[in-house]
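Structure record follows, encoded as structure tokens.
The values are calculated or read from the model by the stated rules, or taken from the named source; none is laboratory data. Keep in mind it's a predicted model, so treat the numbers as computed, not measured. Because the Cβ atoms are built from the backbone with ideal geometry, glycine has one as well, and the counts that use them run over all protein chains shown.
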Amino acid sequence: MIKLSYFGLAAIFALLSSCGTTGSIFGADDGPTEEGRFLGEYLAGSYAYNLEDTQASANYYSRAFARAPENAQLGAKAILAALASGDYVLARSLSVEVEDKTIAENALIRDQKDELNQSIQTALRSGDQTEARTLARQSRQIEEIEPVARLILAASDMQRAEYSKAAERLAIQPSDPKYGVMIAYLEAWAEYGAGKSTEALNIFSSVETDGYFNIISTLQKAKIYGEQGDEAQARSEFQRAESSGLSRIQTLMSKAQFLDNQGKSGEALEALRAFDAEIGGVETGPVRAAINRLEAGQPLGLSRTPAQHAADTLIDPAGSIFAQQGGYDTAELYLRIALMLDPDNENAKLWLGNILERMDRSSDAERIYEAIPKDSDYSVSAQLSYSNLLFREDEDEQAVNVLTRLYAEHPAIITREALATAYLIKEDYANALPVYNALVQSLSPEQLASDTSPLYHRGICYERLDRWAEAEADFQRVLEIDPDSADALNYLGYTWVDRGENLDEAFDMIRRAVELEPDSGAIIDSLGWAHFQLGQYSEARIYLEDASEKSPGSATIIDHLGDVYWKLGRFLEASYQWKHALDLDPTEEETARIKVKLESGYEAAKDMPNGH
């Protein structure tokens, strides 16, 4: 049952009030009145959205809006719900209704806004703050829906190459900057599509401000100059964009296409290879695909229509600015409009799936990932994202199946590591080990030196499979490369203590790991457990209590805390901690050991595995 808050009910009755509804929402004999139906559809739309059923939400909101077409705020909800469901046909239909029924023409919008603003100023001068607030709300309602409707209709126009019509829709700038930037970018590319390159360049120059959007605008000008054949100006703008270090892949790919168009495929290939070498090599994705095409003597084939350019312009801000700042709704809006402009834009789909995951809309994200074709340059990234989503949903077996197929189809470093990690998460060390072996063997000494995690994780597999000599060798090799690897110091030191070997060196290692990671409950637990193994129970208690505070959800740490309480004669507290550990998803070994201790005491389980 969903309980509506006071504020939720207040919003509903505000909507009803704005529609002019009065009286009872139920008729005496004939069932629900028109107002009752409106309220039911609005509530159903809200309920469906809470259940992540965005299509149902869009349908109910649009029905409610049909009963109150003058309500701008509800119109905005209906349009945004349609966008969220990916139902672009419904979104466009609603936008047409908004344009026809609610705000008619852009000139009327301007007149309404101007009149309202003048009325607000008059009310303020007269001291009538209540009237001023009422008028401001009306002004805000027009502002809320008007940019969204225009964006959707303009994107639809541009997708059909009706650029002049789109430019006319986008001529008025809203006050909200999140819409303003998007409208400006679409207007510029619409003007360019209509053959007005000077106007397009001027718009991009007007958007240029200090910071991120300055670089995005610079990149758009570089594309235009490149397509016009102005090589010198294009190179200058590309250089400005590159020097910022922002939007690197989009800038690189756009420059490579420009150079390829200029007959300079060798220079394009050199730029792509330089980026590839800088980041340590890529085996999948658009950069690798572009390198492969040029190496095979094929054209890049990345030329874009103005609508597709406009779509590309919206993708990077969605992920790099709005999503990073927690503005997921705005990020989704940008990406949905991008997909209206370019329905096959797989980069936009990938980002949209990521945003939907962060919004806990897993089913919507899954549909997006599945819509990216297997032959796409973004297919590997999409499948990796899909597998991560499955792990989040506790669909571990399905996630492993996805990664197994992906590894078979694309045996690259990234897919090997993803599959090995998946087995590690499932504690399936026997299957993880051969994949880690293949991964380590595929890496050069330089690659291992830059990232020792494959060695470290292979060492865990060896240790868990009782192949200690090989595990020890991997941990020591990690420490030869990176003496300050807190994880390797902790794991090797802990295991030595557990085995009663090299105790002085082991303690030094664990203490050093604690210095490196003072807030790690797992590492502090290792130091406490080392003291426990030596019978230093008072010292162990201090560290284990600290570890339990830092990692209260760790079954291993809570189990260890129960052990030390038992050794200190605090039997009731020990039993409490062991019972608590059972609620924290312990391993099978830990579960068996804890149950024995609860039934017969610590000594009855002392020869069982410690569940490290």
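With respect to the conditions (1) modelled with pLDDT of 95 or more; (2) not in a helix (DSSP H, G or I), Lys223 falls short on a single one, namely (2). For segment 74-97, the condition of being hydroxyl-bearing (Ser, Thr, Tyr), surrounded by fewer than 18 Cβ atoms within 10 Å (Cβ to Cβ), part of a helix (DSSP H, G or I) and modelled with pLDDT of 75 or more holds for at least one residue. In the list Thr587, Thr591, Thr556, which residue meets the criterion of being among the polar types (S, T, N, Q) and under 21 Å from Trp496 (Cα atoms)? Selected residue: Thr556, the only one of Thr587, Thr591, Thr556 that is among the polar types (S, T, N, Q) and under 21 Å from Trp496 (Cα atoms). When the residues of segment 290-303 are filtered to those that are surrounded by fewer than 17 Cβ atoms within 10 Å (Cβ to Cβ) and modelled with pLDDT of 90 or more, the one that is nearest to the chain's Cα centre (by Cα) is Asn292. If I filter segment 388-404 for residues that are crowded, with 19+ Cβ neighbours inside 10 Å and among the charged types (D, E, K, R), do I get at least one hit? Scanning segment 388-404 turns up no residue that is crowded, with 19+ Cβ neighbours inside 10 Å and among the charged types (D, E, K, R).
In segment 436-450, is there at least one residue being surrounded by 15 or more Cβ atoms within 10 Å (Cβ to Cβ), more than 18 Å from Glu417 (Cα to Cα) and at pLDDT below 95? No, segment 436-450 contains no residue that is surrounded by 15 or more Cβ atoms within 10 Å (Cβ to Cβ), more than 18 Å from Glu417 (Cα to Cα) and at pLDDT below 95.
Within the bounds of segment 498-506, is there any residue that is assigned to a helix (DSSP H, G or I), of a type in the set (Lys, Arg) and either touching a His at 6+ places or on another chain (Cβ under 7 Å) or buried (at least 17 other Cβ atoms within 10 Å of the Cβ) (or both)? No, segment 498-506 has no match at all. Scanning segment 559-584 for residues that are under 24 Å from Gly500 (Cα atoms) and of a type in the set (Asp, Glu) yields Asp559, Asp563. Picking from residues in segment 411-437 that are among the small types (Gly, Ala, Ser) and out of contact with any helix residue (DSSP H, G or I) (no Cβ under 6 Å at 6 or more places or on another chain), the one that is nearest to Glu283 (Cα to Cα) is Ala412. I'd like to know if segment 367-374 contains one or more residues that are out of contact with any helix residue (DSSP H, G or I) (no Cβ under 7 Å at 6 or more places or on another chain) and touching a residue at least 60 places away in the same chain (Cβ under 8 Å). Yes, that holds for at least one residue. Counting only residues that are among the basic types (Lys, Arg) and modelled with pLDDT of 90 or more, which one in segment 148-186 is surrounded by the fewest Cβ atoms within 10 Å (Cβ to Cβ)? The qualifying residue surrounded by the fewest Cβ atoms within 10 Å (Cβ to Cβ) is Arg160. Here Gly528 does not fit the description of being surrounded by fewer than 16 Cβ atoms within 10 Å (Cβ to Cβ) and not polar (S, T, N, Q). Would you confirm whether or not segment 453-471 contains a residue that is without any contact (Cβ under 8 Å) to a residue 24 or more places away in the chain and more than 28 Å from Asp585 (Cα to Cα)? Yes, some residue in segment 453-471 is without any contact (Cβ under 8 Å) to a residue 24 or more places away in the chain and more than 28 Å from Asp585 (Cα to Cα). Which one is surrounded by the fewest Cβ atoms within 10 Å (Cβ to Cβ), of the residues in segment 451-484 that are hydroxyl-bearing (Ser, Thr, Tyr) and assigned to a helix (DSSP H, G or I)? Among those residues, the one meeting the criterion is Ser453. Among the residues of segment 282-293, is any free of Cβ contacts under 8 Å to residues at least 24 places away in the same chain and touching a Phe, Trp or Tyr at 6+ places or on another chain (Cβ under 8 Å)? No; the residues of segment 282-293 include none that is free of Cβ contacts under 8 Å to residues at least 24 places away in the same chain and touching a Phe, Trp or Tyr at 6+ places or on another chain (Cβ under 8 Å). Look through Leu246, Leu201, Leu259 and report the one residue that is crowded, with 22+ Cβ neighbours inside 10 Å and aliphatic (A, V, I, L, M). After ruling out the rest, the residue left standing is Leu259.
For segment 597-609, the tally of residues that are under 25 Å from Thr495 (Cβ atoms) and surrounded by fewer than 17 Cβ atoms within 10 Å (Cβ to Cβ) stands at 6.
The rows are residues; the columns are (1) within 20 Å of Glu395 (Cα to Cα); (2) more than 12 Å from the chain's Cα centre (by Cα).
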| site | (1), (2) |
| --- | --- |
| Pro317 | no, yes |
| Leu339 | no, yes |
| Asn347 | no, yes |
| Leu350 | no, no |
| Gly353 | yes, no |
| Glu357 | yes, no |
| Ala365 | yes, no |
| Glu370 | yes, yes |
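Among the helices (runs of 4 or more DSSP H) confined to segment 259-337, the ones with at least 3 residues that are closer than 18 Å to Gly245 by Cα are located at 265-278, 306-317.
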